[in-house]
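The values are calculated or read from the model by the stated rules, or taken from the named source; none is laboratory data. Note that this is a predicted model, so its numbers are computed, not measured. Note: ideal-geometry Cβ built from the backbone for every residue, glycine included; neighbour counts use all protein chains shown.
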Amino acid sequence: MLIAGWLPLAAGAGAVLAIQAAQTSLTRLVDVSHLVYEHAMWVDDLLAFQERCRALQPRRSGLPAPGTVRIITLDDVTFTYPGKDTPALNGISMTLHAGQTVAFVGVNGSGKSTCARLLAGLYEPQEGGTVTWDGVNVLDLDAESLQARVGCVLQDPVRFPFSALANLTVSRGTLTEADPRRALEAARASGAEQVIAALPGGWEALLSKRFRGGHELSAGQWAKIAVARGLYKNAPVLLLDEPTSSMDPRAEHAVYEAVLRDNPRSDQITVLISHRLASVVSCDRVFVFDGGRVIESGTHQELMNLGGEYAAMFTLQADGYRAEAGETA
Ligand SMILES: Nc1ncnc2c1ncn2[C@@H]1O[C@H](COP(=O)(O)OP(=O)(O)OP(=O)(O)O)[C@@H](O)[C@H]1O
Ligand SMILES: [Mg+2]
């Protein structure tokens, strides 16, 4: 166009510059659109994450849970873990009364721990099943106040990187509110007292190797601390999920003596989950789980007379001990 004289030179040069500038701007526009699109996908993720957190947050509304509980009832409770096809619990119904110590027994994966968490309101029942505390659906109770009423000694206890005292008292208030006398009583009952006494620094000893001067405990010693933590909480519902599985025989015996025999509390519901059936003999009621259902329930004697799964498991364990005793005699 310049050669043919259609365009003056200045206009042609201006046009070239304009095209170049437009090209740069277009490239930037494409880049920025791409960035906006990419970041918008993260915003989606963020919104989904926030939504999920909101759903998982404890219920802040509702009635405060009662200070003591007389009856906990499970009615046709079903629970399936997210991403699982088969339910962990399938139509469980039971009633627990204050003053009772009940035992959950059964094969691995039969739903004992899940059921204990449900009756304590830590998980919520699905498909129309209900868990009620003194007649009130746990879904209508404030979750935080409900959890404050439950002492949990979990199968795999949390190892807080705190001092021995804080590890015991973390279940109730802050360290400044800790009651050392009650902590000592709980430690005595669980056998944690000797563990703590042997630590340089005693109650102040830091229980984590991650910090300088910290100490690590063995699995059985941690279990004693966990039982002490559960007892210190002094809650109306106490869940003991295989609390002594890593303890030595004397320590295990001492815990059962202290928790189950020496300390019957008329205002407490204690749930004991154990594979060592000798420890459930003295429980008020035994529930036998299998595949997410309760297949037998009753006292030890009733279940032995029934001659079902419990009697078979108990006899198997007892025979093992008898055979050993016979060999060494
Ligand atoms: N956090 C979880 N996520 C997904 N599935 C789970 C989870 N916890 C348990 N389950 C599944 O739920 C079922 C019941 O598990 P639960 O822990 O209640 O059994 P359990 O009777 O306590 O077993 P164990 O004697 O081994 O402690 C099992 O099939 C298990 O695989
Ligand atoms: Mg379990």
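A few points about this structure:
- Total residues in the range 109-131, condition more than 14 Å from ligand 1 (Cβ to nearest atom), crowded, with 19+ Cβ neighbours inside 10 Å and polar (S, T, N, Q): 0
- Residue that is nearest to ligand 1 (Cβ to nearest atom), among those in the range 40-59 that are under 21 Å from the mean Cα position of the chain (by Cα) and not aliphatic (A, V, I, L, M): 52
- Test result for residue 83, more than 15 Å from ligand 1 (Cβ to nearest atom), surrounded by fewer than 21 Cβ atoms within 10 Å (Cβ to Cβ), at pLDDT below 90 and over 26 Å from residue 243 (Cα atoms): no
- Unmet requirement for residue 156, which otherwise passes all of (1) within 16 Å of ligand 2 (Cβ to nearest atom); (2) acidic (Asp, Glu); (3) touching a helix residue (DSSP H, G or I) at 6+ places or on another chain (Cβ under 8 Å): (3)
- Within the range 94-109, none of the residues are under 27 Å from residue 151 (Cβ atoms), touching a Phe, Trp or Tyr at 6+ places or on another chain (Cβ under 9 Å), in the same structural domain as residue 304 (by TED's automatic domain parsing) and assigned to a helix (DSSP H, G or I).
- Look at (1) over 21 Å from residue 126 (Cβ atoms); (2) among the acidic types (Asp, Glu); (3) surrounded by 10 or more Cβ atoms within 10 Å (Cβ to Cβ) and you find that residue 38 fails only one, number (3).
- Restricting 271, 255 to residues that are touching a residue at least 24 places away in the same chain (Cβ under 8 Å), within 16 Å of ligand 2 (Cβ to nearest atom) and β-branched (Val, Ile, Thr) narrows the list to 271.
- Test for residue 114: is it closer than 22 Å to residue 273 by Cβ and part of a strand (DSSP E or B): no
- Residues of the range 162-184 satisfying the condition of being under 22 Å from the mean Cα position of the chain (by Cα) and β-branched (Val, Ile, Thr): 169, 170, 174
- Listed conditions (1) surrounded by 19 or more Cβ atoms within 10 Å (Cβ to Cβ); (2) over 23 Å from residue 183 (Cβ atoms); (3) away from ligand 1 (no atom under 16 Å from the Cβ) are all met by residue 284, apart from (1).
- Of the criteria (1) within 16 Å of ligand 1 (Cβ to nearest atom); (2) surrounded by fewer than 22 Cβ atoms within 10 Å (Cβ to Cβ), which one residue 106 fails: (2)
- When the residues of the range 60-85 are filtered to those that are part of a loop (DSSP other than H, G, I, E, B) and within 16 Å of ligand 2 (Cβ to nearest atom), the one that is farthest from the chain's Cα centre (by Cα) is 84.
- In the range 274-304, residue farthest from the chain's Cα centre (by Cα) [restricted to those that are part of a helix (DSSP H, G or I) and touching a residue at least 24 places away in the same chain (Cβ under 8 Å)]: 278
- The combined condition, being aliphatic (A, V, I, L, M), assigned by TED's automatic domain parsing to the domain that holds residue 146 and modelled with pLDDT of 90 or more, is not fulfilled by residue 19.
- Filter result for residue 89 (under 22 Å from residue 291 (Cβ atoms), surrounded by 23 or more Cβ atoms within 10 Å (Cβ to Cβ) and either within 10 Å of ligand 1 (Cβ to nearest atom) or of a type outside the set (A, V, I, L, M, F, W, C) (or both)): yes
- In the range 103-130, the residues that are under 29 Å from residue 312 (Cβ atoms) and among the hydroxyl-bearing types (Ser, Thr, Tyr) reach residues that are near ligand 2 (Cβ under 9 Å from one of its atoms) and assigned to a strand (DSSP E or B) with C-beta atoms within less than 6 angstrom, at least six apart or across chains, in these pairs: 113/241.
- Selection from the range 218-246 of residues that are surrounded by 21 or more Cβ atoms within 10 Å (Cβ to Cβ) and either aliphatic (A, V, I, L, M) or more than 25 Å from residue 147 (Cβ to Cβ) (or both): 221, 223, 225, 226, 227, 228, 231, 235, 237, 238, 239, 240
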